[in-house]
Amino acid sequence: MDPRVIAALLDWQAELGADEWIGDGPVDRFALAEAARAAPVVAARPRPAAEPPPEPAKVDPVAEARQLAAQASSLDHLAELQSGFAHCELKKGARNFVFCDGRAGARVMIVGEAPGADEDRQGKPFVGRAGQLLDRMLAAIGLDRHAPDMERAVYITNVLPWRPPGNRDPEPAEIAMMQPFVRRHIELAAPDLLVLVGNHSCQALLGQRGITKLRGRWTETAGRPALPMLHPAYLLRNPYAKRDSWADLLSLQDRLRGR
Ligand code: URA
C-alpha cells in the first residue's frame, strides 16, 4: 500500500481517538466471527429461574468524594485516597493516576484540565507539547516547576487525575466528583496564587465557562486569588492568542512582586 495512504489511515484513527495500541499483533475479527459461525452449536440447557440479585445500595459519588477529600491530612494521603476513589469510570481506561508535578509549597499553583496521552503514560501533568509550551511561558517570567527556590517554583495539578478516552472533554459529572479532591489539593498545597488554565478548570473552580472572556481577570476561589488563562493547547492551535497570554503572565508576575 502507498505509505501516504497508510499515514492518512493512521491519522484518521488517531483523530477518532484510537491513539494507543493494546496488542502486539493485529487480530482478524472477521476470521474469528467466521470460526464462531462454523463451530457446532450446542443447545443450551434451560436454567432454573434465579432469584433477582439484590438492588445495589445507591451511592452519591460527589458526597463520597467530599467525605474522602476531607479526611486527607497531607498531599500524599490525598493522593492515596483519590487514587482509590472507585466511582469515576475514567480510572478504568487510564494507565496512570496523574496527581501532581513541581514543588508543593510553591507560591503559584496551576490547575489544568485532564491528562492527555503523554501525561497518562508518564503519570505527570503537563509533560506533552502543551506542557512544554507551559514551561516556556513560565520561564518567560522566571518561574520553573522544579526550581529549588520556592519563590520561583510552581506546583501543578489537573481537575481530573485520569485521562478521558481519546482526549474527549470531561463530563460535568466527572468534574463534579473530582472537584472536592482538587479543592482539598489546593488547601493542602497552600499556594499564594492560583492559575486556572482552560475552560474546564474554570468550570470546576469558578463554576463559569467562557475562557476567552474570563482570561486575564483576577478573581478568587478556594480562598485565594485566581487568574484564568488560556490553555496552552489552545495557544498551540491559535498562536495569535499568545499575545493575550503574555499580558496574563505579566499580570501574574506583578502579583507575585506584590504590585
Ligand atoms: N492538558 C491539561 O490540562 N493537563 C495536562 O496535564 C495536559 C494537557
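What follows draws every value from the coordinates through simple rules; no lab data is involved. Note that the structure is a prediction, hence the values are computed from the model and not measured. For neighbour counting, all protein chains shown are included, and Cβ atoms are generated from backbone atoms with ideal geometry for every residue, glycine included.
Could you state the number of Å between the C-alpha centres of region 149-183 and region 33-100? Region 33-100 and region 149-183 have Cα centres separated by 20 Å. In the chain, the longest principal axis of the Cα atoms and the axis of helix 29-38 are about 20 degrees apart. For region 196-204, 3J(HN,Hα) computed residue by residue from phi via the Karplus equation (6.51, -1.76, 1.60; θ = phi - 60°) reads 9, 9, x, 5, 6, 6, 5, 4, 5 Hz, glycine and proline entered as x. Taking the 0 to 90 degree range and rounding to the nearest ten, how far is the long axis of helix 61-71 tilted relative to the main principal axis of the chain, both from C-alpha atoms? Roughly 50 degrees between the two axes.
Distance between the pseudo-spin-label points of E171 and N238 (7 Å out from Cα toward the beta carbon): 2.7 nm. Relative to the Cα centre, the charge distribution of region 58-166, modelled as +1 at Lys and Arg Cβ and -1 at Asp and Glu Cβ, gives a dipole magnitude of about 180 debye.
For R259 and R209, the difference between the fully extended length at 0.36 nm per residue and the C-alpha to C-alpha distance is 15.2 nm.
Where nothing but the Cβ of Lys and Arg (+1) and of Asp and Glu (-1) is charged, how large is the charge dipole of the chain around its Cα centre, in debye to the nearest 20? Roughly 620 debye for the chain. For region 114-130, putting each phi into the Karplus relation 6.51 cos²θ - 1.76 cosθ + 1.60 with θ = phi - 60° gives couplings of 7, x, x, 4, 5, 5, 4, 5, 8, x, 9, x, 6, 10, x, 4, 5 Hz, in residue order, rounded to whole numbers and with x for Gly and Pro. Within the listed set M177, M150, M109, the residue fluctuating most in the Gaussian network model of the chain (springs between alpha-carbon atoms under 10 angstrom) is M150. Of H231, H185, H146, the residue with the greatest mean-square motion in the GNM of the chain, using alpha carbon springs below 10 Å, is H146. Springs join every pair of Cα atoms under 10 Å in this Gaussian network model of the chain, and among V98, V59, V27 the largest mean-square fluctuation is at V27.
The modelled label-to-label distance for the pair A18/S74, using points 7 Å beyond Cα in the direction of Cβ, is 4.6 nm.
Compared with the dominant Cα axis of the chain, that is its longest principal axis, helix 3-16 is turned about 80°. Projecting the Cα atoms of G102, A153, M1 onto the charge dipole of the chain (Cβ charges, centred on the Cα centre) puts A153 farthest toward the positive pole.
Let's test the formula: R0 of 35 Å, r as the Cβ-Cβ distance of T219 and A63. What FRET efficiency results, to the nearest 0.05?
With R0 = 35 Å, the Cβ-Cβ based efficiency is 0.85.
For the chain, the equivalent ellipsoid derived from the alpha-carbon gyration tensor has semi-axes of 40, 26, 15 Å in decreasing order. Charges on Cβ only, +1 for Lys and Arg, -1 for Asp and Glu, centred on the Cα centroid of region 63-256; of A189, A241, A222, which one is farthest towards the dipole's positive end? Ranked along the dipole, the leading option is A241. About the centre of its Cα atoms, region 105-165 shows a dipole size close to 60 debye [charges on the beta carbon of Lys, Arg (+1) and Asp, Glu (-1) only; nearest 20 debye]. Assuming R0 = 25 Å, can you tell me the calculated FRET efficiency for the pair H87 and M1, based on Cβ-Cβ distance, to the nearest 0.05? The value I calculate is 0.05. Close amide H pairs (under 5 Å, H built 1.01 Å from N) link F126 with G116, residues at least 5 positions away or on another chain.
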